[in-house]
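Everything on this sheet refers to the single structure shown next.
The values are calculated or read from the model by the stated rules, or taken from the named source; none is laboratory data. Just so it is clear, the structure is predicted and the values come from calculations on it, not from any experiment. Here the Cβ is made from the backbone with ideal geometry for all residues, glycine too, and neighbour counts use every protein chain on show.
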Amino acid sequence: MPIRNVLIVDDSKTELMYLSDMLRKSGFSVVTAENADEAYRRLEQGKPDLILMDVVMPGQNGFQLTRAITRDPKYADVPIIMCTSKNQETDRVWGMRQGARDYVTKPVSQSELMAKIKALG
């Protein structure tokens, strides 16, 4: 199934605008959430084809949210790409252990992100 609808979860408005703009210009439909609670509301409104997940957020962090989403039978099939400034190998490994399918570090390169999305689709 091709990826068309993307949910971006990030507490930075700047990052949300940057990623939303990049994805929309590439033909994706985008919805955004600034925290875990908002992310759950967006999931209830419509299941995305992909989630881009920040790690460092107030309240529930991206690792916890990824684990919760990938363990929920309703959303377990939605791929998650961690999209974070945490660039240590241990962070990447931990993100993958929580259920993420891939991991990109900020600042996000458009070509790298598009290649990772294409690989999932």
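Selection within the stretch 77-87: residues that are modelled with pLDDT of 95 or more and out of contact with any Gly (no Cβ under 8 Å at 6 or more places or on another chain). The member of this set that is farthest from Met53 (Cα to Cα) is Asp77. In summary, Leu16 fulfils each of the numbered conditions (1) buried (at least 17 other Cβ atoms within 10 Å of the Cβ); (2) free of Cβ contacts under 8 Å to residues at least 12 places away in the same chain with the single exception of condition (2). So, Arg67, is that one surrounded by fewer than 21 Cβ atoms within 10 Å (Cβ to Cβ), more than 13 Å from the chain's Cα centre (by Cα) and of a type in the set (Lys, Arg) or not? Judged against the criteria, Arg67 is not a match.
The set of residues in the stretch 25-64 being basic (Lys, Arg) and surrounded by fewer than 16 Cβ atoms within 10 Å (Cβ to Cβ) consists of Lys25, Arg41, Lys47. (1) within 14 Å of the chain's Cα centre (by Cα); (2) farther than 21 Å from Asn5 by Cβ; (3) of a type in the set (Asp, Glu): which one isn't true of Asp54, the others all being true? Going through (1) within 14 Å of the chain's Cα centre (by Cα); (2) farther than 21 Å from Asn5 by Cβ; (3) of a type in the set (Asp, Glu) one by one, Asp54 breaks only (2). Of all residues in the stretch 87-118, count the ones that are buried (at least 16 other Cβ atoms within 10 Å of the Cβ) and either over 14 Å from the mean Cα position of the chain (by Cα) or of a type in the set (Phe, Trp, Tyr) (or both). Number of matching residues: 3. Can you say whether Asp72 is modelled with pLDDT of 95 or more, of a type outside the set (A, V, I, L, M, F, W, C) and crowded, with 18+ Cβ neighbours inside 10 Å, as far as the supplied structure shows? So Asp72 fails the test.
The C-beta contact set for the stretch 96-121 (first residue among the hydroxyl-bearing types (Ser, Thr, Tyr), second residue surrounded by fewer than 13 Cβ atoms within 10 Å (Cβ to Cβ) and not in a helix (DSSP H, G or I), distance under 7 angstrom, 6+ apart or interchain) comprises Thr105/Asn87.
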